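Asker: Pasting in a structure now, in structure tokens, and then I'll have a few things to ask.
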Amino acid sequence: MRQFLKLIVRNTLRHKLRTGLTVLGLLIAVLSFGLLQTVVGAWYAGANAAAPDRLVTRNAISLVFPMPLHYREKVRAVPGVKRVAAANWFGGIYQDPKKFFPQFAVDAAQYFEMYPEYRFVEEDKRAFLRDRRGAVVGRKLAETYGFKVGDTLPLRGTIFPGDWSFTVRAIYDGAEARTDTTQMFFHWDYLNETMKRRVPRRADLVGVFVVQIAEPARSAEISQAVDAQFRNSAAETLTETEKAFQLGFVAMTEAIVVGIRIVSFVVVFIILAVMANTMAMTARERLSEYATLKALGFAPGYVAALVLGESLAIAAAGGLLGIACTFPVAAWFGTQTGTLFPVLEVSAATVAMQLGAALAVGVAAAVLPGRRAARVRIVEGLRAIG
Amino acid sequence: MKSIPLAYSVRNLWTRKLTTALTAGGMALVVFVFAAVLMLDAGLRQAMVSTGQPDNVIVTRRSAGSEVQSGVERPQAALVESQPEVVAASKETVVLIAQPKRDSGTVSNVTVRGLAPQGIALRPQVRLAAGRMFRPASTEVVVGRSITQRFAGTGVGERLRFGARDWLVVGVFDAGGSAFDSEIWGDVDQMMQSFRRQAYSSVIARLADPGAFDALKRRLESDPRLTVDVKRERQFYEEQSAALSGFISILGLTLSVIFSIGAMIGAMITMYAAVAGRTGEIGALRALGFRRRAILTAFLAEALALAALGWALGLGAASLMQLVHISTMNWQSFGELAFSFALTPKIVLQSLAFAAVMGFAGGVLPALRAARLSIVDALRAA
Amino acid sequence: MSRRVSPVLIEVRNVFKSYRRGGQVVPVLHDLSFDVQRGDFLGLMGPSGSGKSTLLNLLAGIDKPDSGAILVDGVDITGLPESDLADWRAAAVGFVFQFYNLMPVLTAFENVELPLTLTSLSRRERREHVAAALRLVGLADRAEHYPSELSGGQQQRVAIARALVTDPKLIVADEPTGDLDRQSAAEALSLLEQLNDEFGKTIVMVTHDRRAAEHAHAIKYLDKGELSEGADLLERSIR
């Protein structure tokens, strides 16, 4: 066995340039594969961060239509409901449209009780609750644009027209790596008051209600109970778990997600071609050596195993290096894309897939050359010298 | 400089068929991804550009990113209509409704547009493909070709329910691959009532003279009674696709570049092996009187021939993608948008250049090694 | 005939050549001087490592001595820059190697044509020259065959055709019969003799083979970097 391993290691080092290039190619492929899977994972970040005890109620027609404010008390009255908070997607522009980040007007007191994963410095939180023009920003958002407590945050409204100005009162951190800290929140009441002055007929309208329930197991039942309240009214509602709500968004851009997944597998095929080429060339050059081994009495299986071993050794080297590189590159990618991908985490599943891909390539590349090596006729192979 | 016959380079590819196939195959995959991404972007833009007419303008609320986010009050709309440059105008309301898809049942946002008959006239690219147009002041609707294909309950004769009403689908229209193919159209007043809207979303207007645009824009945007943006329809729709297009381009091109490194490495390995296997020939050629540069060129030509083969295969596969249709949510308008892959002559040339760069980068170092060999060493190693 | 042609084709003057092998400097040729007359058929023999192939490489212009001069037809090839040397070789030298060194992907015809692509002859002129060369070596009917479809002896004859197609002054042959059976070797050697007798080509041939050396008109013996006449040949071959 030791001799077998020695042979394999020495053989891979015979052609340093070729082995080095192949390992480099595998590194890049495994790295790309891992990055792409991570990007796909980021798509589902919202759904993954959803809590089982939160529901989202929206207008049944679509998210574009609001609900009357007085629904809030009715929802609150449904048995099983602990808290209700109004939330409107603000959609304003900070300096220029490219500098996008999510902005929500929320019933602050209720909302942040429902989202314990947003961690505050207590003093700052109190300051925010006291200031009706106050705003809260997430850590990643603050870092991207350099927001500090006390800064003024001006926004140009699109859905809610006009110029708006807020004061940053608190910066929240996420409890876990997958918590979204690229968001900005301000007071729903402030939004509503301002709209009453500017465009009165658009006041007292809520985008969604976030509902916290006492028993997650009863979410389906409670959702239906909420919707039953508003059936046959002017604005019928649709209530679903937060996870289902987030997945709904993902489903809309499904085509892109599918596309990225497909492309991530294309890269595996590219590197398979490169690896198979390397092994084929290597095996062809060594045909006389394999013939000699067989002449000496080694079984065909041994010879095939030599080829397979070499292929796996190269694949493992490239694969492990690629996996190691994935983490720093993903982190760098995350800082470059700022708020576009709030959560960019390399998951264990991704690493497992990378490893699997590398090994699969190592095996597949060795199949034909290994078979050829095992089957070489001794006489033919020996004649191939010179 | 006398060069080695091209047949020498090209025929050597034929000798090692498996290696040539694998190396060219790797490059073909990269070219495929590169071309497919460019084609997707081109297809998206084509869908958007064909949506806009050159002599139409669209008026929305200032800074509104899309019609869905925009609101134009009735008096403002009337003002726009009455401008001297405007020869025809349509006041429209645009909303999104959530509908389940036919195949997966997942729900997606569909754009619903309320318009008047003059609005239909402002879109000459739209033709009726089945059934008939909706009657004004009725709760009838017509659906775009892409909608009826993809979404449940949108066939002629079926009823859609939204806004607390039933809407009867009476026809299917074909908008020539533009964004309108992904919309549902109905009567504007009925829709405004049903959605309890007081303000329109936008005003579409045709100008008697397209050159009058600048004057109109200046006047409307500086009028204190109005808070509007006036854009040519073409430009408006181009901006609609900017975010999605940017994402596709950047992600796709980044991936292509990274993948190309993998394919280049494959080409490099192949060419190094080719040089190593033919040192005797290289020595003989130099002895015969061919210069170092001729050797360099011959091996570079071989690498480029490989790349050309990869390009042909990759582009061929990519061109098949024209049969595929994509439907996804457009980030700007939040509505579902259908488009497909479009192959343009520019993409053909761009992918050729890309392949050439791959071939050159992969082949240059081995070719240099071949050229640098001393004649004596090369002959001895044979 | 106003121009007088010198009887000496190659003049070797005080040539030194050594190689670096694994950090050590190994002297191969030491202060070598001799002449080769026009129309000579010279055989170079000696033990392996004696430098005979090295000397051949120097005469053919594919290697340069450390010091000394080599004049071929009055031209000091040791002073020529590499690109000029390449042009010189194309016009003045024909090569015959032990392992033929034909391009496997080119036909016999294309292989023989290869040196002509370095000239400014038209395609038709090239074709005529190639056809003539192949006829001379008796392989006109094999013009479209690839080297893999030819026997060793036939491949060497194609190589000889290639060596003479540009009508060079000098033909160098490095172990031309080393890989051939007796019959093919005899054919190849008689071809070389024909080139020398009928066409006046000057030939310098390195060989191990005594029988091959007998076809040459003169033999020089190279040992430890020094040249001696063929008179000692018999003595040394007995030892």
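Asker: Among the strands (runs of 3 or more DSSP E) confined wholly to segment A:102-217, which include 3 or more residues that are away from chain B (no Cβ under 14 Å) and not basic (Lys, Arg)?
Answerer: Numbers: elements: A:103-106, A:134-138, A:152-157, A:162-174, A:184-187, A:208-213.
Result: A:103-106, A:134-138, A:162-174, A:184-187, A:208-213.
Asker: Would you pick out the residues in segment C:62-103 that are farther than 20 Å from C:Leu164 by Cα and either within 12 Å of chain B (Cβ to nearest Cβ) or small (Gly, Ala, Ser) (or both)? Quick ask: steps written out before the conclusion?
Answerer: If we filter segment C:62-103 for residues that are farther than 20 Å from C:Leu164 by Cα, which is where we start, we get C:63-71, C:74-84.
Listed by number, the residues that qualify are C:Asp63, C:Lys64, C:Ser67, C:Gly68, C:Ala69, C:Gly74, C:Gly79, C:Pro81, C:Glu82, C:Ser83, C:Asp84.
Asker: Can you say whether C:Leu118 is within 17 Å of B:Ala287 (Cβ to Cβ) and within 9 Å of chain B (Cβ to nearest Cβ), as far as the supplied structure shows? Don't jump to the end; show me each part of the working.
Answerer: Numbers: within 17 Å of B:Ala287 (Cβ to Cβ): yes; within 9 Å of chain B (Cβ to nearest Cβ): yes.
Criteria met by C:Leu118.
Asker: Which one of the conditions (1) more than 26 Å from A:Pro116 (Cβ to Cβ); (2) within 28 Å of the chain's Cα centre (by Cα) does A:Pro154 fail to meet, given that it meets all the rest?
Answerer: (2)
Asker: Next question. Based on what the data block shows, is B:Arg123 buried (at least 21 other Cβ atoms within 10 Å of the Cβ), away from chain A (no Cβ under 12 Å), modelled with pLDDT of 90 or more and in a strand (DSSP E or B)? Spell out how you get there, then give the answer.
Answerer: Details: buried (at least 21 other Cβ atoms within 10 Å of the Cβ): yes; away from chain A (no Cβ under 12 Å): yes; modelled with pLDDT of 90 or more: yes; in a strand (DSSP E or B): no.
No.
Asker: Is it the case that segment A:3-18 has a residue that's within 13 Å of chain B (Cβ to nearest Cβ), surrounded by 18 or more Cβ atoms within 10 Å (Cβ to Cβ), out of contact with any Phe, Trp or Tyr (no Cβ under 7 Å at 6 or more places or on another chain) and not aliphatic (A, V, I, L, M)?
Answerer: Quick first cut of segment A:3-18, residues within 13 Å of chain B (Cβ to nearest Cβ) only: A:14-18.
Narrowing the set further to residues that are surrounded by 18 or more Cβ atoms within 10 Å (Cβ to Cβ) leaves A:15, A:18.
With out of contact with any Phe, Trp or Tyr (no Cβ under 7 Å at 6 or more places or on another chain) added as a condition, the list becomes A:15.
Going one step further and asking which of them are not aliphatic (A, V, I, L, M), we end up with A:15.
Yes, that holds for at least one residue.
Asker: Scan segment B:328-369 residue by residue and report those that are more than 28 Å from B:Leu29 (Cα to Cα) and either at pLDDT 90 or above or touching a Lys or Arg at 6+ places or on another chain (Cβ under 9 Å) (or both).
Answerer: B:Glu336
Asker: For segment B:5-51, give me each residue that is part of a loop (DSSP other than H, G, I, E, B), surrounded by fewer than 23 Cβ atoms within 10 Å (Cβ to Cβ) and either under 19 Å from the mean Cα position of the chain (by Cα) or more than 14 Å from chain C (Cβ to nearest Cβ) (or both).
Answerer: Step one: of segment B:5-51, the residues part of a loop (DSSP other than H, G, I, E, B) are B:5, B:16, B:50-51.
Now drop any that are not surrounded by fewer than 23 Cβ atoms within 10 Å (Cβ to Cβ), which leaves B:5, B:16, B:50.
B:Ser50 - this is the single residue of segment B:5-51 that is part of a loop (DSSP other than H, G, I, E, B), surrounded by fewer than 23 Cβ atoms within 10 Å (Cβ to Cβ) and either under 19 Å from the mean Cα position of the chain (by Cα) or more than 14 Å from chain C (Cβ to nearest Cβ) (or both).
Asker: Restricting to segment B:245-272, count the residues that are surrounded by 24 or more Cβ atoms within 10 Å (Cβ to Cβ) and of a type in the set (A, V, I, L, M, F, W, C).
Answerer: Going through segment B:245-272 one residue at a time, the tally reaches 8.
Asker: While we're here: For C:Gly51, state whether it is more than 9 Å from chain B (Cβ to nearest Cβ), touching a residue at least 12 places away in the same chain (Cβ under 8 Å) and buried (at least 22 other Cβ atoms within 10 Å of the Cβ).
Answerer: Yes, satisfied.
Asker: Hey, another quick one. Which of the residues spanning segment A:247-288 are crowded, with 17+ Cβ neighbours inside 10 Å, charged (D, E, K, R) and in a helix (DSSP H, G or I)?
Answerer: A:Glu254, A:Arg284
Asker: Now for a separate question. For segment C:131-157, name all the residues that are outside any loop (DSSP other than H, G, I, E, B) and among the charged types (D, E, K, R). Talk me through it step by step, then tell me what you get.
Answerer: Step one: of segment C:131-157, the residues outside any loop (DSSP other than H, G, I, E, B) are C:131-136, C:140-142, C:147-149, C:152-157.
If the condition is that a residue be outside any loop (DSSP other than H, G, I, E, B) and among the charged types (D, E, K, R), then C:Arg135, C:Asp141, C:Arg142, C:Glu149, C:Arg157 are the ones that fit.
Asker: Within segment B:275-382, which helices (runs of 4 or more DSSP H) (wholly inside it) include 3 or more residues that are surrounded by 21 or more Cβ atoms within 10 Å (Cβ to Cβ) and within 11 Å of chain C (Cβ to nearest Cβ)? Spell out how you get there, then give the answer.
Answerer: Values: elements: B:279-288, B:292-320, B:345-372, B:375-381.
Fully inside segment B:275-382 and qualifying: B:279-288, B:292-320, B:375-381.
Asker: Could you run through segment B:54-110 and say how many residues are more than 14 Å from chain A (Cβ to nearest Cβ), charged (D, E, K, R) and in a strand (DSSP E or B)?
Answerer: Result for segment B:54-110: 2.
Asker: If A:Glu242 meets every condition in (1) of a type in the set (Asp, Glu); (2) under 21 Å from B:Ser249 (Cα atoms); (3) in contact (Cβ under 8 Å) with a residue 40 or more places away in the chain apart from one, which number is that one?
Answerer: Result: A:Glu242 fails condition (2) only.
Asker: Are there any pairs with C-beta distances below 7 angstrom linking a residue in segment B:38-57 that is modelled with pLDDT under 90 to a residue that is of a type in the set (Asp, Glu), with the two at least 6 apart or on different chains, and if so which?
Answerer: B:Met48/B:Glu238; B:Val49/B:Glu238; B:Gly52/B:Glu233; B:Gln53/B:Glu233
The values are calculated or read from the model by the stated rules, or taken from the named source; none is laboratory data. Predicted model only: the values in this text are computed from it and were never measured. All Cβ positions, even for glycine, are placed from backbone atoms using ideal geometry, and neighbour counts span all protein chains on display.
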